[in-house]
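To start, the structure itself, in structure tokens.
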Amino acid sequence: MKPDIGVAEKDLQKTAKTLGVILSNETVLYIKTRKFHWNISGDSFMEFHLLFENQYKEIEEIIDEVAERISKLGSKTIGTMQEFIDNATLKEKPANYPTQKEMLAELLSDHEEIIKHIRKIVDNEDAEGLDAGSADFITGLMQTHETIAWKLRRYLK
């Protein structure tokens, strides 16, 4: 049964597709953050190991919230790795095992890319067909990524 929440069907579908890209980016970032958590070594090992653990747990919550938002809008949520890779704007780097500093820089870059992507959506919410709830929801996601990016940036100064 489709939701009757005062949003046109075409806008519900468009928003679900937009959220699908966000979900895909979050999933790629989650996997990358886990990989770095597993492969960190060197000075400050435990600090970075715990930093990345906290970040992937936070991203995991975001993933669930985005998936549930898609469902609330009456759409099916994608859920295979291939769908995530096909829909993501973030890219993986197979067989790449960077240094600590490179890990931090890569994660920072990915968070900033997500921030810019979401900002474009929010700045064009009318054209995107976003309802107020979805616009507010993804603005909150952007703010979360701004905080994570700020923390990562502090390590690189």
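Residues of the stretch 112-138 being assigned to a loop (DSSP other than H, G, I, E, B) and charged (D, E, K, R), which ones?
ASP131
Based on this model, can you work out whether GLU102 counts as under 11 Å from the mean Cα position of the chain (by Cα), under 23 Å from ASN54 (Cα atoms) and without any contact (Cβ under 8 Å) to a residue 60 or more places away in the chain? Write out each step before concluding.
Details: under 11 Å from the mean Cα position of the chain (by Cα): no; under 23 Å from ASN54 (Cα atoms): yes; without any contact (Cβ under 8 Å) to a residue 60 or more places away in the chain: yes.
The answer is no for GLU102.
Conditions (1) among the charged types (D, E, K, R); (2) surrounded by 19 or more Cβ atoms within 10 Å (Cβ to Cβ); (3) in contact with an Asp or Glu (Cβ under 9 Å, 6 or more places away or on another chain); (4) farther than 30 Å from GLY42 by Cβ, marked per residue:
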| site | (1), (2), (3), (4) |
| --- | --- |
| GLU68 | yes, no, no, yes |
| LYS72 | yes, no, no, yes |
| LYS76 | yes, no, no, yes |
| GLY79 | no, no, no, yes |
| LEU90 | no, yes, yes, no |
| PRO94 | no, no, no, no |
| ALA105 | no, no, no, no |
| ASP126 | yes, no, no, yes |
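Do any residues in the stretch 57-79 that are more than 14 Å from THR27 (Cβ to Cβ) and of a type outside the set (A, V, I, L, M) have Cβ atoms under 6 Å from those of residues that are part of a loop (DSSP other than H, G, I, E, B) and at pLDDT below 95, where the two are at least six apart or on different chains, and which pairs are they?
GLY74/LYS2; GLY74/PRO3
Could you identify the single residue in ILE138, ILE85 that is of a type in the set (A, V, I, L, M, F, W, C) and surrounded by fewer than 18 Cβ atoms within 10 Å (Cβ to Cβ)?
Exactly one of ILE138, ILE85 is of a type in the set (A, V, I, L, M, F, W, C) and surrounded by fewer than 18 Cβ atoms within 10 Å (Cβ to Cβ), namely ILE85.
Looking at (1) in contact with a His (Cβ under 7 Å, 6 or more places away or on another chain); (2) of a type outside the set (Asp, Glu); (3) closer than 22 Å to LEU141 by Cα, which one does ILE40 not meet, given that it meets all the others?
(3)
Looking for something farther than 14 Å from LEU104 by Cα, at pLDDT 95 or above, acidic (Asp, Glu) and part of a helix (DSSP H, G or I) - is there at least one such residue anywhere in the stretch 21-40?
Scanning the stretch 21-40 turns up at least one residue that is farther than 14 Å from LEU104 by Cα, at pLDDT 95 or above, acidic (Asp, Glu) and part of a helix (DSSP H, G or I).
The values are calculated or read from the model by the stated rules, or taken from the named source; none is laboratory data. Model, not experiment: these values are computed from the prediction. Cβ coordinates were reconstructed from backbone atoms using ideal geometry, including for glycine residues, and neighbour counts include every protein chain displayed.
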